[in-house]
Structure formats: C-alpha cells, structure tokens
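Right, one structure below, let's go through it.
The values are calculated or read from the model by the stated rules, or taken from the named source; none is laboratory data. Fair warning: this is a prediction, and the values are worked out from it, not measured in the lab. Every residue, glycine as well, gets a Cβ built from its backbone with ideal geometry; the counts of neighbours run over all protein chains shown.
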C-alpha cells in the first residue's frame, strides 16, 4: 500500500480529507467525515476507559485558548520553536532541520544549533524544494509554533491556542488537588484539541496544525508512591533503548516484560507501568504489534528535567513515527507555575504523628539595619532569613555576609537575632512529581487505518479491506435486503432500526448487487453484514457474513443482537457460530 | 438561590470554575472539573443520541481554525460585530448596547444603528460602569467578534477560530453530499468548540468566549421534502410568538402541540419538527419545563434569508436566556459558498423520467463580431448566450441589443445564430435548504444545574441538593462503608469496582460520618448511595438510599446492578423497590 492509496480511500469512504477544499484547502487541517469522526470517537472512548476509568483517574475539560502568563511559566513562549528558512526567490517557508534530514545523512537535525544549521545548508548546497533556488547564506530563524491571538478588544491581552492539553491541567493543580482532598497520588485526564503552527505540515494526519491529544497527568509523591506493577507486570514490551540506537549498527530491540524492564533498571518504574497500559491499549484498538515499538529518548532529546522518556512509535510506509510520549517529568511543570504565579502548587502531607524539628530563625535588629542599609534594609533582612533556613553555620562567626542585588553586606551576628528553636510540625509541603502518558489521537487513528488496510483476493477478484477491530469500527454491521421488494426491504430496514436501538452502529444498503455491497462495506471496514432474502420472510433467519474470512452462516433474526454483542466483546468467534452457543 | 450560590457550589464540587485562577483568571473562559466534564459529556451523549442516532443523521469533526475565505463567504468577516465603546479615563471596553439596556428602558439595543447609539449614550449621560467617567461623545465602533490568528509563518494567511461549528459543515457540503450519494434529505451533526471574542463576558457559563456547540444541519429539497411530523406531533410547546411580544403588555404564551403549531401556520413545519425534538431533549436532561419556552424572533431580529426562527429560552434568576436557536435558513449558506468558491454546492436531482425541454441557444457569426467589436467580441458573444437563455423574445426583431461593460451594442439577429432546440434533460441541480437546530452545550449544562439546585430540610437541617436526572448525573452511585474496618471497607471498595465494571459512575467514600457523606453526595447530585454495614458482612445485603426522597431500602448486593440499571432507565421507581421486582 502506498500512502496515497489510503488517503484516497479515506476521502472516498468518509474517513478524513483536507479541510476547506472548496477554497483550495488549508495545509495541516483535516476534517473527519462520518466514518472517521465515529472511528475517532471510538478510539477516544477506548482511551477514556483504559487510562481513565480502569485506572481510577478523573477527566476535566479546559479551554483551548489560554493567556500568556501560562506559557511564560511553561517555557513555551521561549522555547517552543522550529527552525525556519525562507526561500529568497519564491518566498516559501521551510523547516531547516527537515531540509537537512531529507538531503543529507544527518538524523535528528532538530537538536543542532542555528549557526551550524546555516553552515550545513551552505556546505551541502541545499536548495528550495519548491523552486530550486540556492538557500546558502539565508538566515535561519526561530519560529514560535504557538498560534497567537488576542483576548478581548485591543492587543493588550495576548492569548495562545494551547500547544498541549497538559497545561490546562497543570495550571489548575491547586483547585484539582482540592477535589482530590489533597491526597496523593491522583490522576487527571483530558482529551481535546491542541495546536502547533507547523512551518510545513506533512504526512497527512501525522503532522497537522490542529490535532486531538489525550493526556494523563498522574501526580505522585516521589518519596513514597510506587505503581501497582502487578496490574501490567506480564505485558511484553518491544523496547529500543538509547544505547542500542547510539552504539549498534542497524536496529536491535530488547524484548522484556514490564516487570523485567523495571527490575533490570532499563525503564523508570512509573514510565514502565504506563508503557504496559499503553501497549495493551494500542493493541486493543488494532495497531499492529509487529509495527509498534517503544523508543527511548536519546540524552540529547531528553528534557533536562525528565528522568526518563520513551515514545511509542508506529511503522507507516517503512518509516517510524511518534504516536505517544511516556515521560517522568519530575516536579518541573508544577514548580514552574508555583514560581511564576501567586498560588501554591504543593500538597500538604500530614505526618502520622507530629514531628519535633529544629528550625533556625532570625529576628534582625531593624534599628541597626535601617540606618545602615536604608531602602535595602528589608531585602537584607529577607536575605538573612533565607540564609538561616539554608545554612546555619553561616551564623557561627562574629559577622554574617549576605548578598543583595549583587552586592555583599556584612552584618554583626548579634544584630541578626539568630536563634534555633524546636517546633512541632504536623506535616510538610510536597511538590508532586508528574508521570505523563501523552497520546496523539489523530496519529492513533491514522496508524489504525494504515495497519488495517489490506488487499487480498476473493473469488478471483482483488479486494480492498479495512480489517478494523470490531471495538472501534465506525460501522459495525451492514444490513442488506437481497432486493428492495416483496417485503425484504421493509424487514431489512426494521432490522437496522432494531440493531441501532440495541446499540450497534448499523447501516442499511440496497443499492447494487450483494457482491458490490459487500465490497463497499469491506472497504469501509464493517466487520459484519446481514442479508435478508426470500427465506428470511418465511423462516426468520438471515445470512451473517464476516468481513475478514468472508465466511457466512445462517442465524435466526431473534438471536442476532446477542450474537453480535458476543462477537464485539470477543466472547465468541465467528468460527464458533456453527457450534451451539456457549452456556451462560 | 442566587447565582453566586451555584457558582460557589460549582467550584467547590468540581463542576466548573474560571480558568487560570493562579494567574488572576481570564474573563470568559471556564474549566470543567471532574464532575462538570462528566455532566457535560453526558449531556453531549444525550444530544448525539436524540439528534443524531434517533434521527438517522451522521456526525463529522472539523477543525476549529478556518481560513479567511470561508468567513468572507459566510459574512462573519463583515457583520459578526458588537458595538464597542471605550472609556476615555480608565480604558475599559464596554458593549454599548448592553450599557443602554442596563441603564435605560430600551430593549434589544443591538439592532439600533451606531449614530443613534452614540446619541443615546449622550442623551442618557451614560457613564463607565468601572470608573464612572462620562461616555458622552466617545465613538462607538464595530468590533469583530472572531478571534484572529495567522496560519503558518508570515501574516499572509489569516485564520479565525470558528464562531460557530456550522461553517465546518457548510464548507464541506460537496464532499458530504457525495457520502450521502447525492440523495436529499440528509443531516450532518457536529459537536465542538466555537469562539466569540466577547467585549465583556458575563453571567458565568451563559456568555463565554470559548464554548461548545452542538449543531445539526439538515439539508432538504425545498420542493418536496417534508418532516415526519408524526414522530413528535403530540409534543406540547410553550410558544411566545412575535405578535405576543410586540402587541401584548406583559408575557403571554400560546400552548400548542407540534401538529397544531404547523396546522395553524404559526411555526414553519421543519422548525416545528425540531422544536418538538428539542423540547423532548431538554426535558430528558433535566431542564425544568416550567422555566422553558420557545420565543419567536421578531421581524427585526430575523436574518433576511431566514423563513422562521425560534429560540429555546431558559429562565435563570428571573431572566430569560437563549439556550438554542431553531432556524430555517433557506439556501443562504450554501449559495454563498457556491458563489464565493469554485465548487458546486448543489445536488443533481435525477428525474424519474427524462424531460424534453426547449432550450434557446446562439451560435454567433464571429467573422462578423470580430471585425465589428475587436477585443470585446468574446464578451458580446457571451452576452448573447446569456440573453438567449433568459429572454427569447429579445431575438424576435431584426436586431438584438446587449450591454457589455455598460455600453450597448446592436447586432443583426441573423448574425447571432439564434435557435430553439429540443433537448432531453435527465435531472436538475437543486440548491438544498437548511434547517438548523443550534444548541449551546454550556448553557444547557448551566440551565440543568440551575434548575437542579434545591434547598430543602432533612431531619431538621437545611440541605443543599442537586436534583440531577440519573441519565446525566456525573456520579451515579456513592458507595460507603459504615466504617473502614472489619472488612466493610474492602467490601465497599470491591462493590465500587464491580459497579464501575458494570458501567456505572461509582465513587467510594469513607471519610466522615454517614450523614455527612450523604450531604456531600446530595450536593454533588448523586442520585443513589449504597452503605455497607456489619449486617452486609453476614447477609450480603446493603442499604440503598435515594437522594431526592432520602428513603432507604435494604437490597441484596447481587441484585444491585440490575436494580440500578432499572432505576437509571426509568424501568422502576424507588417506590417500587419494596414491592417484588416486575416480571421480565
């Protein structure tokens, strides 16, 4: 299969297509048609069930437009950039690192410094892919990937479309901790739109400017919370550790269970736990486990605050694409918001019994500090207090030295009122650490479609088929009358309504011959079809046909809902259907 | 109840709160906490079921960022404005029409022309509500309510956050019609974020800058499609027609069934059909039907293209707020995109049998036109062709007159090659009309909460309770051990897991005494609570308590899932529970 085959099928069958085609289309924006929107919703529901309900985490729903201070704190305003080079001839914008990766042997060009990127462009005589003009000598600039807008009249309140759903959780941590009654650990999930103003979107649903993320932020106490590894201990992981990427020629994986990965120290225990959950989830929605791996971030890729990070990757047309990231983010996000805002981003952890601790305090003699330091006296007093908390030994000599605004001041120790007291503490403030599985829903949908796309042969004819899992297939069952006459159409329409009322995505189709209708549903990915014929009018049985095997069995109409339910839930396989139903 | 009571409860219990509080909050943006996000999701699911599945319409999922040409065509770029007046002293921005409505007896000030608004501000000596400065003489300006951003690097591709989800459907009509195999009628739904950069957001969830809409665009053939009124014929509507608003002192409603409203010609048949669906839906999610009405748009409010439009309105704190609009939009939206884009926004309607029609054509003698008109000859030929289609009589004389670029030209009829031929036509292009129920999800959620908020007395104590419908309540059942000891905690936690696995939103709580836990769930709106006590350990029964009546019954643990299912689906009421279960 080539990518364009799938993209063509996706458009023709209502999965997805580039938006605003009537106006020439907009690069990086896609609309999900009826089949695609339902597939996407099914994938989201499956995520909600696995990462939310089964793990006991709660979901929130935050705005997509957020104010500037949030992104000053998160660092996105400063560092959420790609390298932009503009063609001097045609004016087209390109990602400089992508040009280098495409035209040279260099990988991971994203982490190269800008001056070196400019040199590489010149050294390799790189040209504009659109018009062929030389790019050597053109400046490479940092382009911030957030979509900017303005909140309210005037331009005094910049707002940004969130680049990740996560910030909508982090920024509300003080409120969310209250809902959790300040008890760690607790997890908050969110599914929603996120945005990156890509310089050059590409690869269909893989790199779009507007996309849907499903993120879980699991807040844990780093000193005592550990994951319940038993729940996923035996899940087998295909791992591509950093050292194999850096030191081994070719690709070499390590296969370990979650428990082994933790015990061998290869993966951080919290990250390993969610790799297990993630593997189960991707498998359940139909991603091919032979085209799926977890790749560890290289030391250069890893954020400085992250203890460990692994990406889930899926193979598409011979290339590997990031589908998700599983990161242990330490207390980075919360401590940033704690620092930049006026709120407290810690939780108060009560001790089982109060502890008596020594605390060093100061009580500076302001009648000395005032005349001595004038307007800076307050700052000097604050500096003394901070110093007492951090370094008692500094108060052992006759004078104490503190630095205020880059200038050193010496104060007689006797004027500082330094003392060590015993105080009873009932608990302490803990800054939680964050474990974050961050999943791209569109990429999951895309991988599911790519891995489901198959061409085989049926009765001598080539057949295109989407072998979607029944759990996520947007249409679960097609219902056909042999012809729309003699009451067969009515019976089939009634059956369609009944199946819908019983909770199945059912579709009715009476156009063209039966073979053509089967092909249509095969291409849409409908797992089962039911045909109403003349016998149905007499004996109330119908033909049930399975998409993948093209096998058919005759079943009573009345038994259909229970039977389809069993097939959907995996309680029975189609091969079982000739045998009597299993006892309840 | 005052609004602030509900807002306080909403924040405390995890329904909703203003976003980014750590940074001082952002006006017009709200975050749904765990309870609110689930309530909202339940409301959306109920909408999807009623307006989508039950009506046979399909859902799509389009981007929230859309390119400028879409909004040039839709008219939003030109006319989606509010009137802005800025305070000369403090710089605060205000909606001029709201100031007038708040400070004078004038209603619907939105439809007053700007110069008159400026005069009214001066005549009434209106002042800045923030600082008290005089606003007389300040210019009133049109402020476009779309959030603007820029797609890709540079500023050459403006994009806008969609002001309604509808445009994401309209603009893709050519593709969507293909999925419907060009058969009218068909309906497309969408639930998603929409944005209005309000000058001064207010009233909590009622007027926010980012909100969720659920819209259905039902495309119909105006010459032959009629709604299946029987499906909702007997639904009773509380109607507030335009004439009652304009001619009657005070408020006077008309109560009619959907069938009566259509037969009496009071409501357009398509609009009436969806008022019936809408009424059923709002009632099902718990909006109080005594605080709900349909108000017809006044002639001044009605868009020029709309044949009829009614708003669903809900009463909140004595004021009526728009919850939804039900409009017959004619072919306005599609014809605009047809005109502004290169695509065809019609469907081709096949005749049952081909029709033979006469068609007038021209075949101008270019060897005459060329020398005579030079470069304009082609335009003259085109003008002749258009004239032949429109006005055959023009070709009856010796000469024909056409206008090109404002200049009249006379051509001998014999040089035009005019002829009338018989041609066979197999069908015609039809521009569908659109019926649009447009529902604000946040306002629905808000109305549900406001109407569910009740204070009563239980055992002599005042009790706050959210009387949410079981269908939408975010937590369906609370499970408590009498105390977390002697195995009661374990049993209650097990039961919680079992109920979750059976598909119920269940919550476990062992903190505080049972009475306090009941109050907590009453305030959250949890319809049922289950208590595990010492007897439970012996006889496997538990106490089931109903929120609204505070009645309690003893039931076997094993019967609980089926029983709760019946209560949720309305198959049994709590009062039935003392009686034997109904036969299956």
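Details
- Any hit, region A:235-250, residues being in the same structural domain as residue A:44 (by TED's automatic domain parsing), closer than 21 Å to residue A:214 by Cβ and touching a helix residue (DSSP H, G or I) at 6+ places or on another chain (Cβ under 6 Å): yes
- Residue selected from region A:35-56 under the condition surrounded by fewer than 21 Cβ atoms within 10 Å (Cβ to Cβ) and more than 16 Å from the chain's Cα centre (by Cα), by the criterion nearest to residue B:148 (Cα to Cα): A:53
- Test: residue A:45 is touching a helix residue (DSSP H, G or I) at 6+ places or on another chain (Cβ under 9 Å) and outside the structural domain of residue A:527 (by TED's automatic domain parsing): no
- Any chance residue B:453 is at pLDDT 95 or above and either in the same structural domain as residue B:221 (by TED's automatic domain parsing) or surrounded by fewer than 23 Cβ atoms within 10 Å (Cβ to Cβ) (or both): yes
- The residues on offer are B:161, B:176, and the sole one that is within 24 Å of the chain's Cα centre (by Cα) and within 30 Å of residue A:85 (Cα to Cα) is B:161.
- The helices (runs of 4 or more DSSP H) found wholly in region A:264-374 and carrying at least 2 residues that are within 30 Å of residue A:181 (Cβ to Cβ) and in contact with a helix residue (DSSP H, G or I) (Cβ under 6 Å, 6 or more places away or on another chain) occupy A:269-285, A:332-340.
- All positions within region A:477-533 that are within 14 Å of chain B (Cβ to nearest Cβ), in contact (Cβ under 8 Å) with a residue 60 or more places away in the chain and either more than 41 Å from the chain's Cα centre (by Cα) or closer than 22 Å to residue A:445 by Cα (or both): A:504, A:505, A:523, A:524
- Residue list for region B:246-279, restricted to those being surrounded by fewer than 16 Cβ atoms within 10 Å (Cβ to Cβ) and more than 21 Å from residue B:220 (Cβ to Cβ): B:246, B:247, B:248, B:249, B:250, B:251, B:252, B:253, B:255, B:264
- Candidates are the residues of region A:106-121 that are touching a helix residue (DSSP H, G or I) at 6+ places or on another chain (Cβ under 6 Å) and within 20 Å of residue A:134 (Cα to Cα); the one that is surrounded by the fewest Cβ atoms within 10 Å (Cβ to Cβ) is A:106.
- Total residues in region B:13-64, condition more than 28 Å from residue A:72 (Cα to Cα), within 8 Å of chain A (Cβ to nearest Cβ) and free of Cβ contacts under 8 Å to residues at least 24 places away in the same chain: 2
- Taking region B:10-34 as the range and being surrounded by fewer than 22 Cβ atoms within 10 Å (Cβ to Cβ), within 26 Å of the chain's Cα centre (by Cα) and assigned to a helix (DSSP H, G or I) as the test, only B:11 passes.
- Any hit, region B:570-581, residues being at pLDDT 95 or above and under 24 Å from residue B:465 (Cβ atoms): no
- Checking each residue of region A:157-178 against the condition of being away from chain B (no Cβ under 12 Å), over 22 Å from residue B:152 (Cβ atoms) and touching a residue at least 40 places away in the same chain (Cβ under 8 Å) gives at least one match.
- Of the residues making up region B:320-368, those that are away from chain A (no Cβ under 14 Å), out of contact with any strand residue (DSSP E or B) (no Cβ under 7 Å at 6 or more places or on another chain) and farther than 30 Å from residue B:395 by Cα are B:332, B:352, B:353.
- The number of residues in region A:77-96 that are within 13 Å of chain B (Cβ to nearest Cβ), free of Cβ contacts under 8 Å to residues at least 60 places away in the same chain and under 26 Å from the mean Cα position of the chain (by Cα) comes to 1.
- Unique residue being more than 18 Å from residue A:153 (Cα to Cα) and either at pLDDT 90 or above or assigned by TED's automatic domain parsing to the domain that holds residue B:320 (or both) when the list is B:108, B:142, B:134: B:134
- Flag if residue A:189 is touching a helix residue (DSSP H, G or I) at 6+ places or on another chain (Cβ under 6 Å), within 23 Å of residue B:191 (Cβ to Cβ) and within 11 Å of another protein chain (Cβ to nearest Cβ): yes
- Within region A:198-236, the set of residues being closer than 16 Å to residue A:185 by Cβ, out of contact with any strand residue (DSSP E or B) (no Cβ under 8 Å at 6 or more places or on another chain) and within 14 Å of chain B (Cβ to nearest Cβ) comprises A:228, A:231.
- When B:567, B:563 are checked against the criterion of being assigned to a helix (DSSP H, G or I), touching a residue at least 40 places away in the same chain (Cβ under 8 Å) and touching a strand residue (DSSP E or B) at 6+ places or on another chain (Cβ under 8 Å), B:567 stands alone in meeting it.
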